[in-house]
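Asker: For reference, the structure I am asking about is given below.
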Amino acid sequence: MAIYAIGDIQGCYDELRRLLEVIKFDPGQDQLWLAGDLVNRGPNSLETLRFIKGLGDSAVSVLGNHDLHLIATVASLSKAGKKDTLGPILRAADCDELIDWLRRQRLFYFNDRFCMLHAGLPPQWDFQQTKAMAAEVEQAIGGDDYRRFFRSMYGNKPAIWQDDFPKAEKLRFAVNCFTRLRYCTPEGELDFHQKGPPGSQGPNLLPWYAVPGRKSLDMRIIFGHWSTLGYYQGYNVYSIDTGCLWGGQLTALKLDAVNPQRISIDCQCGQKLV
C-alpha cells in the first residue's frame, strides 16, 4: 500500500485528478492524506468534495480554515466572502450530506511515522496534548450541538496557551493553531497578521516550527496552509502547500518510502479565477 499526503487543493479538482494519475493512485490499495482546505477560491469545490467523500476509507482529511468556513456558512453562522467560490456547494442537492461528512473529518491525524494537521502547533504542546485538544475540537465540530461551538469559534484571542482556560477559550485557541497558525513569538504568542515567507515577518516572530524548545519537535509533522512558504523540509516538519490555487504546484508526498518522496505537478488553477 502506498500512502500519499497532498497539499491544499482549494477546489482545484482538475489538478487533483491529474496528480492522482501521475502517482498512479489506486483507491483499492493506496491511501491519501489530505492536508486540509479542500474547498474555496478554486473553481470546482463541489466536485472536489464529492470525489474525496466517494473515496471512503481510501482518503483521510484534516480540516483547514476554508473547510471550517464552509461549515459555518452552511450553518448560517458566517457570511460568504467576496472571493468565496462556495455557491455550487450551497445550492447542491447533497449539500447537507457533504457537510455532515466534512464535520466528521479530523483536525489531527497520525500513524506510527507521521502526523498531519493543516497549519501549526503552539510550542507548549507535545503529542499527547495535541491529540487531546484535537479530539475535543473534533467532538464539538462533529456533535449535534455544533452550531453553538461555531458561534464562539471565531476570534484571535486568547493568543497564548494557558492550561486553565475556560473550555470555549481552549477550543478557540486550538482551532486557531490547527487551522490558521504561521508565526508566533518565542514565548508562543500567536500572530495572525503575517502571511509572507520566513524573513518577511516582523520582529520577535518565528515560524511556529522554528521556536526553540517546542515540545512537538519529536513529531514528524506534515502541514499545508502556508503557500508563501511552499515546499519546506526542516525542523522535523514537511510543508506541502505549494500554491496550486495561485498557479503554483500541487504536491504529493509519498510517505511509505524510507525517505518521503515529493511529486509535484504544475497548476493552472489560479489562471481560471475571475
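Asker: Using the structure shown, decide if Ala35 is touching a residue at least 60 places away in the same chain (Cβ under 8 Å), out of contact with any Gly (no Cβ under 6 Å at 6 or more places or on another chain) and under 21 Å from Asn111 (Cα atoms).
Answerer: no
Asker: Right, another one. If Glu47 satisfies every condition in (1) surrounded by fewer than 22 Cβ atoms within 10 Å (Cβ to Cβ); (2) touching a Gly at 6+ places or on another chain (Cβ under 9 Å); (3) in a loop (DSSP other than H, G, I, E, B) but one, which is the exception?
Answerer: (3)
Asker: Related question: Hey, can you tell me all the residues within the range 3-31 that are without any contact (Cβ under 8 Å) to a residue 60 or more places away in the chain and not in a loop (DSSP other than H, G, I, E, B)?
Answerer: Matches in the range 3-31: Tyr13, Arg17, Leu20, Glu21, Gln31.
Asker: Looking at Leu229, Leu171, Leu181, which is the one that is among the aliphatic types (A, V, I, L, M), out of contact with any helix residue (DSSP H, G or I) (no Cβ under 8 Å at 6 or more places or on another chain), buried (at least 18 other Cβ atoms within 10 Å of the Cβ) and at pLDDT 95 or above?
Answerer: None of the other options fit; the residue is Leu229.
Asker: I need the helices (runs of 4 or more DSSP H) fully contained in the range 53-145, keeping only those with at least 2 residues that are of a type in the set (Val, Ile, Thr) and surrounded by 14 or more Cβ atoms within 10 Å (Cβ to Cβ).
Answerer: Output list reads 65-74, 127-142.
Asker: Do we have Leu38 as part of a loop (DSSP other than H, G, I, E, B) and modelled with pLDDT of 95 or more here?
Answerer: It is true that Leu38 is part of a loop (DSSP other than H, G, I, E, B) and modelled with pLDDT of 95 or more.
Asker: Let me ask something additional. Which residue, of Gly188, Gly202, is at pLDDT below 95, in a loop (DSSP other than H, G, I, E, B) and farther than 26 Å from Arg113 by Cβ?
Answerer: Exactly one of Gly188, Gly202 is at pLDDT below 95, in a loop (DSSP other than H, G, I, E, B) and farther than 26 Å from Arg113 by Cβ, namely Gly202.
Conditions (1) polar (S, T, N, Q); (2) more than 23 Å from Val60 (Cα to Cα); (3) open to solvent by 40 Å² or more (accessible area, probe 1.4 Å); (4) touching a strand residue (DSSP E or B) at 6+ places or on another chain (Cβ under 8 Å), marked per residue:
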{"site": "Leu217", "(1), (2), (3), (4)": "no, yes, yes, no"}
{"site": "Arg220", "(1), (2), (3), (4)": "no, no, yes, yes"}
{"site": "Ser239", "(1), (2), (3), (4)": "yes, no, no, yes"}
{"site": "Gly243", "(1), (2), (3), (4)": "no, no, no, yes"}
{"site": "Thr251", "(1), (2), (3), (4)": "yes, no, no, yes"}
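Asker: Same structure, new question: Does any residue in the range 46-65 that is farther than 17 Å from Ala5 by Cβ come within less than 6 Å, Cβ to Cβ, of a residue that is modelled with pLDDT of 95 or more six or more places away or on a different chain, and which pairs are these?
Answerer: What qualifies is Leu46/Pro88; Leu46/Ile89; Leu46/Ala92; Glu47/Tyr13; Leu49/Leu98; Lys53/Trp101; Asn65/Thr179; Asn65/Arg180.
Asker: Residue check, Ala174 against (1) over 22 Å from Leu205 (Cβ atoms); (2) in a helix (DSSP H, G or I); (3) aliphatic (A, V, I, L, M), all met but one. Which one?
Answerer: (1)
The values are calculated or read from the model by the stated rules, or taken from the named source; none is laboratory data. Being a predicted model, the structure only gives us computed values, none of them experimental. Positions of Cβ are backbone-derived with ideal geometry, glycine not excepted, and every protein chain shown enters the neighbour counts. These area figures cover heavy atoms from the full protein model, side chains too; ligands, DNA and RNA do not enter into them. Shrake-Rupley method; radii C 1.70, N 1.55, O 1.52, S 1.80 Å.
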